[in-house]
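Visitor: Here you go, one structure.
Nothing in this text is a laboratory measurement; each read-out follows from the coordinates by a stated rule. Bear in mind that the values here come from a model prediction, so they are computed numbers and not experimental data. Cβ atoms come from the backbone with ideal geometry, glycine included; neighbour counts cover every protein chain shown.
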Amino acid sequence: MDALFEKIAERLIVGKIDEVKELSQQALDQGASPRDIIDKGLLAGMDVVGKRFKAGDMFIPEVLLCARCMHGAMDILKPLLSEADSAGVGIYLIGTVEGDLHDIGKNLVSMMLQGAGFEVIDLGTNITPQQFVDAVNEHKPALLGLSALLTTTMPKMVETINALKEAGVRDQVKIMAGGAPVTQAFVDEIGADAYGANAASATEKAKELMA
């Protein structure tokens, strides 16, 4: 079975949508659990994609193709996941801060979090601090991801955290921050809980925060 999981990861990395779906179905037919197919096949492949993207060895169109592979397989697997499969994994609310329209990194993080079993609520781009506060109140997420791809929009992360404090909900949610110009030092400075350097590490950090 491990060889089949490896093949799923391998075909995902090269963007073969139909093959990834077929192999996932094949693994199911041979008795693999949906969770194992996700963890050992799809997520293992997306981890490699995230690392290659960060290293500059993969480009945005390729990453999006890989994400589509994962989506296709998840369409088959998601309805089969039992509550036990998703136990301990919560709601992850994510959005790109006000003034910033970039979403490639955010979308990749969302995709990998879904693969890790999180229920991801993606608010989109150009999200104001008040919209984040309203969404936290509405969805009661365990984790909140703030994304910024411009140095000029990074201060909006600070404003968002302050708005959450003013609304009295800051302590109800763990906050992660990431994006090209964001650093660990900046995340520490603004009082967020974790830094996601790339999609793979963001997913690992999210799982750690839920442990």
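Visitor: When the dipole is taken about the Cα centre of the chain, and only Lys, Arg (+1) and Asp, Glu (-1) are charged at their Cβ, what size is it in debye, to the nearest 20? Don't skip to the answer; put the middle values down first.
Guide: On the way: 19 positive and 30 negative charges, 37 e Å.
About 180 debye.
Visitor: Once phi is turned into ³J(HN,Hα) by the Karplus curve 6.51 cos²θ - 1.76 cosθ + 1.60 with θ = phi - 60°, what whole-Hz value does each residue of segment 167-178 show in order, with x for glycine and proline?
Guide: Running phi through 6.51 cos²θ - 1.76 cosθ + 1.60 with θ = phi - 60° gives 7, x, 10, 4, 6, 8, 9, 8, 10, 10, 9, x Hz.
Visitor: Residues with amide H under 5 Å of I175's amide H, sequence separation 5 or more or different chain, H placed in the peptide plane at 1.01 Å from N; which?
Guide: L144, D193, A194
Visitor: To check you understand DSSP bridge types, tell me what percent of the beta bridges within the chain (both residues inside) are antiparallel, rounded to 5. Please list the in-between numbers first.
Guide: Working: 0 of 18 bridges.
Of all bridge pairs located within the chain, approximately 0 percent are antiparallel.
Visitor: While we're on this one: Classify segment 91-210 as rounded, prolate or oblate, taking a ≥ b ≥ c as the square roots of the eigenvalues of its Cα gyration tensor: rounded when a/c is under 1.5, otherwise prolate if a/b is larger than b/c and oblate if not. Could the numbers behind the result be given before it?
Guide: Numbers: a/c = 1.29, a/b = 1.08, b/c = 1.20.
Judged from the Cα gyration tensor, segment 91-210 comes out rounded (a/c under 1.5).
Visitor: Tell me, what is the Rg over Rh of segment 2-80, with Rh the Kirkwood radius over Cα pairs? Walk me through the numbers on the way to the answer.
Guide: Details: Rg = 11.7 Å, Rh = 12.1 Å.
On the Cα set of segment 2-80, Rg over Rh gives 0.97.
Visitor: Give me the three principal axis extents of segment 104-153 from the C-alpha atoms, as integers in angstrom, largest value leading.
Guide: Sorted largest first, the three principal extents are 32, 26, 13 Å.
Visitor: A further question follows. Could you tell me the relative contact order of segment 91-210? Use alpha-carbon pairs under 8 Å, at least six residues apart, and round to a whole percent. All intermediate terms of the calculation are to be shown ahead of the outcome.
Guide: Values: 220 pairs, mean separation 34.0, N = 120.
Result for segment 91-210 is 28 percent.
Visitor: Tally Lys and Arg at +1 and Asp and Glu at -1 over the other residues with C-beta under 11 Å from the C-beta of E10: what net charge comes out? Mind dumping the intermediate values first?
Guide: Details: positive: K7, R11, K16; negative: E6, E19.
With Lys, Arg at +1 and Asp, Glu at -1, the net is +1.
Visitor: Arranged by the count of other C-beta atoms within 10 angstrom, fewest first, what order do T203, T125 take? If you can, show how the numbers build up before the last one.
Guide: Values: T203 25, T125 18.
Result, fewest neighbours first: T125, T203.
Visitor: Using a Förster radius of 22 Å, what is the FRET efficiency between E6 and F59 based on their Cβ-Cβ separation? Nearest 0.05, please.
Guide: Working: r = 24 Å, r/R0 = 1.10.
Here the calculated transfer efficiency is 0.35.
Visitor: Using a simple spin-label model with points 7 Å from Cα along the Cα→Cβ vector, what separation in nm is obtained for D39 and E208?
Guide: Going from the D39 label point to the E208 one covers 1.9 nm.
Visitor: Considering only Cα-Cα distances, which of the following residue pairs are longer than 26 Å: K54/K205; K16/K51; K16/K205; K21/K140; K106/K156?
Guide: Details: K54/K205 17 Å; K16/K51 19 Å; K16/K205 28 Å; K21/K140 33 Å; K106/K156 16 Å.
Table pairs above 26 Å Cα-Cα are K16/K205; K21/K140.
Visitor: Right, something else. Got a sec? Which residues in segment 45-73 would a label at D18 touch, if it sits 7 Å along Cα→Cβ and we count backbone N under 18 Å?
Guide: Residues 65-66, 68-73 fall inside that zone.
Visitor: With a 10 Å cut-off between alpha carbons and a GNM built on the chain, which of L144, L42, L65 moves the most?
Guide: So, out of L144, L42, L65, the one fluctuating most is L65.
Visitor: Follow-up question, since we're still on this one. I need the shape label for segment 65-145. Rule: rounded when a/c is under 1.5, else prolate if a/b > b/c, else oblate, with a, b, c from the alpha carbon gyration tensor. Provide the component values of the computation, followed by the final result.
Guide: On the way: a/c = 3.11, a/b = 1.38, b/c = 2.25.
It comes out oblate by the Cα gyration axes.
Visitor: On to the next question. Pairs of Cα atoms under 8 Å, at least six residues apart: use those to get the relative contact order of the chain, whole percent. Each step should come with its number before you reach the end.
Guide: Working: 351 pairs, mean separation 39.7, N = 211.
Computed over the chain, the figure is 19 percent.
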